[in-house]
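Undergrad: Structure below; questions to follow.
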Amino acid sequence: MDVANLASQLNVGVILPEGIVILTLLTVLIVDIIRGRAANAITPYIAIGGLSASLAALCLQWNIANPVSFLGSFNGDPLSVVFRAIVVLSAAFTILMSIRYVERSGTSLGEFITILLTATLGGMFLCGASELVMIFVALETLSISSYLLTGYMKRDSRSNEAALKYLLIGASSSALFLYGVSLLYGLSGGETQLGAIAANLTAGGQSLGLIMALVFVIAGVAFKISAVPFHQWTPDVYEGSPTPVVAFLSVGSKTAGFALAVRLLVVVFPLLADEWHFVFTVLAMLSMILGNMVALAQTSMKRLLAYSSIGQAGFVMIGLIAGTEVGYASMIFYLLVYLFMNLGGFACVILFSLRTGTDQISEYSGLYHKDPLITLCLSLCLLSLGGIPPLAGFFGKIYLFWAGWQAGLYPLVLVGLVTSVISIYYYIRVVKMMVVREPQEMSDAVKNYPKVSWDAPGLKPLQVGLVISVVATTLVGVASNPVFTLAIDSVENSPALSASLAKAKEKSAIAVLPKDSPSLEVTKVASAKL
Amino acid sequence: MLSALIWIPFIAALVIALLPQQREKQARTVAGVAAGLALALSIVVLAQFDISLAGFQFQETLSWIDNIGLSYNIGIDGISLPLVMLTTLLIVLVIYATGHDIERPRLYYAMIMMIAGGVTGVFLARDLLLFFLFYEVELIPLYLLIAIWGGKNRAYASTKFLIYTAVSGVLLLASILGIVGLSGSGSFTVDASIAQALSSAQQITLLLGLVVAFGIKIPMVPLHTWLPDAHTEASTPVSMLLAGILLKLGTYGLLRFGLGLLPDAWDVIAPGLAVVAVISTLYGSLNAIVQQDMKKLVAYSSIGHMGYIILGMAAATELSIIGTVAQMVSHGVISALLFLLVGFIYSRTGTRDMNVLRGFLNPERGFPLVGSLMILGVMASSGLPGMVGFVAEFCIFRGSFITFPLQTLLCIVGTGLTSVYFLLMVNRVFFGRLPEQFSNIPRVSFREQVPAAVLASLLVMFGLQPHWLLEWTEASAHAMAMLQVKALAEVQQPDESVAMVDNEAIASTVLTAPSIEAVN
């Protein structure tokens, strides 16, 4: 193997975006060490600059000729580009809103950003990984950094509790996942590349070992996207962790989880497609029902958003189960929309807790009279999460439900519709608390609300992040045609999915046929009469 | 031009929301100007409307989201035109009837303008998903209007309204997805041939979904319980809006998409609907008789009057469809007037209890003008000839009698009951001796009574000259009734050549119903 051949096999250029993130990470670390506390003024901007550059590199990599790199362990196809872009965006927004929060807590900002960038790196590699070892390493990079982030407020006992819970449950789920993956390795006769595994498994046919592998893999994936019944860690971890970390976990980490689900399940398990579709249908239904029902009873804003994120994951799964082009594309679109509305919501929650020091829903009472801007932004984001038109969340849901309906998933779509009514109720409860309450009904926190000012250091970036996400939440839905077309393109141009798409098409053709045939007969009868 | 009707209010809402704090008093001016502009524009549309055409006019089509087949497709026909006129007019009056000293004016007027735009959009939309979008847009503004500016028990009433309406929205969305998805059509544009791809069991299921979804909004009787609560707690202008326009979203939707899209299935469930109509009418009227609260009484009378509309739609003859549209307008005008007048009395006396109120027709210390207008409104509502209520109800009953004789007779009993409860109310509140405690109540100024005068004059004008109300709808109603006739003919005569002849025969029997001029 000569050098030129090796270079082309490695195809290092594909991971340029990740390379930029690594460089940024190192720069932040070094600047932080050299300049100490004074570095806080520049490190976040270095990080954001690096992430933007990485995003730009991702745009350039759209549809590159040869996306496979590192001897097939990393795939830079458009699908992974889209997912990586969402992860990078969520990291950038998280940094924007974390500056003030972390500084207030008296911990080092540079370390926080370094860990966050490491998590981003893990998420990005996970989105494109197409080889078992690579998948596991990326997954662990993401997970371990997430545990660290969760426990970042080390003087706060609840943050410690959250980190420990997350670590214990996360470690056991990783172990399960690893066991499932090792079964795959054995069953396929020692292959680690997803494509090769799929090919070898087809030869072997269905077996008990394959089903066990599927079960363990699903357990690992479901933990990452916090699908019921693998969700128990979510509320506690969300409540105890620093709020910006929760924002990242609920969007960035979940997006990576969905990318993993698409790649692993769709590529490796075509044999058991019906089985895993069924399991995911059950998971999605449970997530939508339980997430949205339990959210009704929450009194803490962070717990409310935790349960709502469980429910939202259920909606996104509809797209995965549909398994059609439109299904995957609507899933990507919803994740993008979810990024903006959820991070916008979290930005407001962070702002409110910075100004009042509380996350209780009852303390939001009467906020409209003191701070109309946050009230408006939070209301828009929550209503969008609830799917009220003409906000982006509504269009996202319409895409998902329509894709699910066309794929024949009627029960799932109906459950989705019903639970989205329930979700409207608890989102509105918060809006009502803020908007409807009279001045005399204000909570203590709002009564002592400080004068609104954006001058304190670190608040300006937060404001920028908030405004961008709220504007996107309002407009992306109405102008969703180009974005959705992009999502469809990414699915169409990704060869990894083509096999399953062809299968889904075949299925839908069979489903359509009997409907067409009577009309054919009718025309025949009509022509006979003529 | 139609787009402007929808977007002027939305833009006004945005402008109002962005007004600075010091200039929040100008919210009312902005809202008033925008509403006036929309009214003027709708009059221009009215003037250019060609009444001989049955189809949609002033159509505008823009592709919007091709991937799911959603297009921005609007147009106006004889069924939506009167409702659009009603909307633009009532919005102006609602803004006028709102007090100058209202709290949080920016939020209030922005919400009113959003409702105005949303409702106009509903009436103009020619795309199922676009219709749904506008239908859902008014949910949150109306919820806030009841929850912030309502009465004592507003939290309960507004939440109830929200839950009912959200359920209605989801059922509607499910039915829309069902209609388009099962028919295999790639686009949500309203297309009369869409039903052909559906089996009759599918059609009936989907239609039942639509009936329940719109039935909540109308409201039909087992689904009505949110309405009395919402009306009692809402402020006077919001009640006018709710009764005058928002209930019509349900009846309009059912007419347009129930009857218009699924005529075969409509034929199957029409007898059931007629029974529901009777129950709504009688239940609403009987409940109204025992009410002590004036506003609740008017609210229950609304439920009763919606029964006639359901009856007219169930019969689906040309005359009954014309009557249905006329009744929507007539109910919009009358109930807005009644709520406005009840509002005057409530704001002056602080009570709506009919056991306490007495003698307000007293020419010196009472409200003689309010009382006279109330008597006028009540007469119109109970369907006395010479008023708009008579015209509409007569068309409906005459048109439905052929199809549903018994149900029509029972609904006519409802009009009798209407006179009973309204006479009871007028007798208690306006006649008799004015009690001492009300002898020094503040007057209702002439300026405040302008909206009431406008509504009252409309109600008499259309009563004396019904053609001005009915002629717009005739062509479209004829087309819609023919749809139903065709569906009937197909069921009875599957052989096509005979069916063609039969169609004409059936159509002509339907058309022998006395034409509108006979009413004059």
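The values are calculated or read from the model by the stated rules, or taken from the named source; none is laboratory data. The shown structure was predicted, so the numbers you read here are calculated from the model rather than taken from an experiment. Cβ: placed from backbone, ideal geometry, glycine included. Neighbour counts: every protein chain shown. Ligands, DNA and RNA are excluded from the accessible area calculation, which covers all protein heavy atoms including side chains. Shrake-Rupley method; radii C 1.70, N 1.55, O 1.52, S 1.80 Å.
Undergrad: When we measure straight from the Cα of B:Lys217, which aspartates and glutamates land under 13 angstrom away, once same-chain ones fewer than 8 places off are left out?
TA: Excluding near neighbours in sequence, the set is B:Glu136, B:Glu138.
Undergrad: Further question: Expressed in nm to one decimal, what extension gain is obtained for the pair B:Glu436 and B:Ala47 from 0.36 nm per residue of sequence separation less their Cα-Cα distance?
TA: In short, 134.8 nm is gained.
Undergrad: Then there is this: In square angstrom, rounded to the nearest 10, how much accessible surface does B:Asp353 have for a 1.4 Å probe?
TA: 50
Undergrad: Let me ask you something else. If the cut-off is 18 Å between C-alpha atoms, which aspartates and glutamates fall inside it for A:Lys503, apart from same-chain ones fewer than 8 positions away?
TA: Within the straight-line cut-off, A:Lys503 pairs with A:Asp274, A:Glu275, A:Glu325, A:Glu492.
Undergrad: When a/c reaches 1.5 or more, the comparison of a/b and b/c decides; with that in mind, is the range B:38-188 rounded, prolate or oblate per its Cα gyration tensor?
TA: Oblate, since a/c reaches 1.5 and b/c is not below a/b.
Undergrad: Another question, then. Using a 1.4 Å probe and ignoring any ligands, DNA or RNA, find the accessible area of A:Val31 and quote it in Å² to the nearest 10.
TA: Per-residue accessible area (A:Val31): approximately 30 Å².
Undergrad: Further question: On a straight-distance basis, which lysines could pair with A:Lys507 in a cross-link, Cα separation under 21 angstrom, same-chain partners fewer than 8 positions away excluded?
TA: Of all the lysines, those that pass the test against A:Lys507 - Cα under 21 Å, at least 8 places apart if same chain - are A:Lys515.
Undergrad: Order the following by accessible area, largest value first: A:Ile115, A:Ile33. Probe radius 1.4 Å; ligands, DNA and RNA are ignored.
TA: A:Ile33, A:Ile115
Undergrad: While we're looking at this one, here's another question. Where does the protein assembly as shown land on Rg(C-alpha)/(2.2 N^0.38 Å)?
TA: It is 1.02.
Undergrad: What is the projected area of the convex hull of the Cα atoms of the range B:2-519, averaged over all directions, in nm²?
TA: The directionally averaged projection comes out at 22.9 nm².
Undergrad: Here is a follow-up. Apply 1/(1 + (r/R0)^6) to the Cβ-Cβ distance of A:Val12 and A:Arg155, taking R0 = 35 Å, and write down the FRET efficiency to the nearest 0.05.
TA: 0.25
Undergrad: Amide H to amide H under 5 Å from B:Asp127: which residues, 5+ apart in sequence or cross-chain, H placed 1.01 Å off N in plane?
TA: The list, which skips near neighbours in sequence, is B:Asn73, B:Val190.
Undergrad: Using a 1.4 Å probe and counting only protein heavy atoms, arrange B:Ser63, A:Ser287, A:Ser453 so the residue with the most accessible area comes first.
TA: B:Ser63, A:Ser453, A:Ser287
Undergrad: Still on this structure, I have one more. With angles folded into 0 to 90 degrees, how steeply does helix A:410-435 sit against the dominant principal axis of chain A? Use alpha carbons for both and round to 10.
TA: Compared with the principal axis, the helix lies near 10 degrees.
Undergrad: In units of 2.2 N^0.38 Å, what is the alpha-carbon radius of gyration of chain A?
TA: 0.99
Undergrad: Using DSSP H assignments, which helices in chain B have an axial alpha-carbon span of 27 Å or above and a mean Kyte-Doolittle hydropathy of 1.0 or higher?
TA: Helices passing the filter in chain B: B:27-48, B:105-124, B:154-183, B:263-289, B:318-349, B:405-430.
Undergrad: Collect residues whose amide H, placed 1.01 Å from N in the peptide plane, falls under 5 Å from the amide H of B:Gln57; neighbours closer than 5 in sequence don't count.
TA: Correct list: B:Ile76, B:Asp77.
Undergrad: To the nearest 10 Å², what's A:Ile86's accessible area with a 1.4 Å probe?
TA: Surface accessible to solvent at A:Ile86 totals approximately 0 Å².
Undergrad: Is it possible to state the helix-based mean residue ellipticity at 222 nm for chain B, with each DSSP H run of 4+ residues giving -39500 (n - 2.57), the sum divided by total residues, to the nearest 500 deg cm²/dmol? What is it?
TA: -23500 deg cm²/dmol
Undergrad: Sticking with this one: If you average 1/r over every pair of different alpha-carbon atoms in the range A:315-530 and take one over that average, what Kirkwood value in Å do you get?
TA: It works out to 19.8 Å.
Undergrad: State in Å² the accessible area per residue of chain A; use a 1.4 Å probe, count heavy atoms of protein chains only, and round to the nearest integer.
TA: Normalised by residue count, the accessible surface of chain A is 36 Å².
Undergrad: If you count, for every residue in A:430-436, the Cβ atoms of partner chains within 10 Å of its Cβ, what is the mean?
TA: Shielding by partners across A:430-436 averages 4.
Undergrad: So what's the angle, to the nearest 10 degrees on a 0 to 90 scale, between helix A:459-478 and the longest Cα principal axis of chain A?
TA: Roughly 40 degrees between the two axes.
Undergrad: Give me the 1.4 Å probe accessible area per residue for chain B, excluding ligands and nucleic acids, in Å².
TA: The answer is 34 Å² per residue.
Undergrad: Could you please state how large a percent of the accessible area of chain B is carbon and sulfur, counting protein chains only and using a 1.4 Å probe?
TA: 65
Undergrad: Provide A:Arg437, B:Arg365, A:Arg37, B:Arg154 ordered by accessible surface of protein heavy atoms (probe 1.4 Å), highest first.
TA: The residues order as A:Arg37, B:Arg365, A:Arg437, B:Arg154, largest area first.
Undergrad: Let me ask something additional. Relative to the present Cα-Cα distance, how much length would full extension add between B:Leu14 and B:Val413 at 0.36 nm per residue of separation?
TA: 138.9 nm
Undergrad: Please compare each pair in B:Lys160/B:Lys248; B:Lys248/B:Lys296; A:Lys302/A:Lys460; A:Lys165/A:Lys397; A:Lys370/A:Lys397; B:Lys248/B:Lys295 to a cut-off of 25 Å on the Cα-Cα distance and tell me which ones are over it.
TA: A:Lys165/A:Lys397; A:Lys370/A:Lys397
Undergrad: Then there's this: Total accessible area buried between chains B and A, 1.4 Å probe, in Å² to the nearest 100?
TA: Approximately 3200 Å² gets buried when B meets A.
Undergrad: Here's another thing I want to ask about it. Could you pull out every residue, at least 5 positions away or on a different chain, whose amide H is within less than 5 Å of the one on A:Ser300? Hs are placed 1.01 Å off N in the peptide plane, and Pro or chain starts have none.
TA: A:Ile361
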